[in-house]
1. Tell me, which cysteines of the chain are without a disulfide-compatible partner by the Cβ under 4.7 Å rule?
2. Show me, for segment 158-171, the HN-Hα J-couplings you get by feeding each phi into the Karplus relation (A = 6.51, B = -1.76, C = 1.60, θ = phi - 60°), rounded to Hz, glycine and proline as x.
3. In whole angstrom, note down how far apart the Cα centers of segment 91-114 and segment 128-160 are.
4. Residues with amide H under 5 Å of Leu46's amide H, sequence separation 5 or more or different chain, H placed in the peptide plane at 1.01 Å from N; which?
5. So what is the calculated 222 nm ellipticity per residue for the chain, using -39500 (n - 2.57) for each DSSP H run with n of 4 or more, over all residues, to the nearest 500 deg cm²/dmol?
6. Give the aspartates and glutamates reachable from Lys111 as a straight Cα distance under 17 Å; neighbours fewer than 8 places away on the same chain don't count.
7. Between Ser251 and Lys229, what is the label-point separation in nm under the 7 Å Cα-to-beta-carbon projection?
8. Grab the other residues whose beta carbon is less than 10 angstrom from that of Gln30, score K and R as +1, D and E as -1, and report the net.
Amino acid sequence: MKRGIKFNAIFILQSLQDDERHTGSEIAQQIKYACLQRGIESMDELINVNDRTTFFEVINNITDSIAHGVKPYLHFEMHGTSSGGLCLSSGQTISWEELKEPLRKMNVACKNNLYVSLATCHGANFLDMYKGEIDKPCPFFGYIGASTKVDAFDFEVSFTSFFHAMLTKDSIANGIKSLLESLPDNRANYIFLDCEIYHKELMKNWEKEYGSLEGKTRYSKYLFQRAKKEYAHVGKSNRQMRRELDRMVFSGYTDDYLAQCKRIFLHETNG
């Protein structure tokens, strides 16, 4: 992926126990060093988040800062689970579902320029929460995460290599290359996706899930549940909404509809 650096602040959100190695702090030092090598001001912003309240306050504050010229990169240094999401040092958790809209809001604010990386075990499960939402803006431009359980040392080695190469060579592609080469046989099974590749993957899964008659019934029910939450204020009854959604779904998805969904997903329209 050939793209220069489009951000000016790397926010490292760290939530680790006192007796653990604070890998986020080590990576922040590497970022300082890489910026010094390039002769630019350091981009690192290390933030310790211990509980849910602080976590979401930090996310909202970063989003608000975009209006003042900040172009954020988000990096998470905390524990993760195979299904639940993020684990904070307080013992509280944040599900992937809860993280979805705050990140989407941030990416919309920075005009589809948000990179997100997760030094968390099973961080690739982060991607599963968007499977049905082909008609909403993607929550990131680029994503990096591990699909398996990874130890802290491997994460530190990998992301130290990634940030150093990316910053000194002004290239996301070089950073990804260094990340993948940092461990023997890519044993962390790192995944990198940009929003265009992610859209293609989502559409493959979407066609399998919702292309059949039974699938269309499920998709209509899914859209109906969303509509009840998101459009309750428009004054339509549940019966009206369900009838309109069934008509749209069972009459077939037109090329125009899917093309419009793609434009929205890739932030190519205000719709």
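1. Cys35, Cys87, Cys110, Cys121, Cys261
2. For segment 158-171, the Karplus-derived couplings read 5, 7, 4, 4, 4, 5, 4, 5, 4, 7, 6, 9, 6, 8 Hz, x marking Gly and Pro.
3. Each part reduced to its Cα centre gives a spacing of 12 Å.
4. Counting only residues 5 or more places away or on other chains, the set is Ile12.
5. Dividing the helical sum by the residues of the chain leaves -15500 deg cm²/dmol.
6. Lys111 reaches Asp64, Glu101, Asp135, Asp194, Glu196, Glu268.
7. About 2.7 nm separates the two model spin labels.
8. Every neighbour counted, the sum reads -2.
Read-outs throughout are calculated quantities, based only on the coordinates presented, and are distinct from any laboratory measurement. Quick caveat: nothing in here was measured; it's all calculated off a predicted structure. Note that each Cβ is placed from the backbone with ideal geometry, even for glycine, and that neighbours are counted across all protein chains shown.
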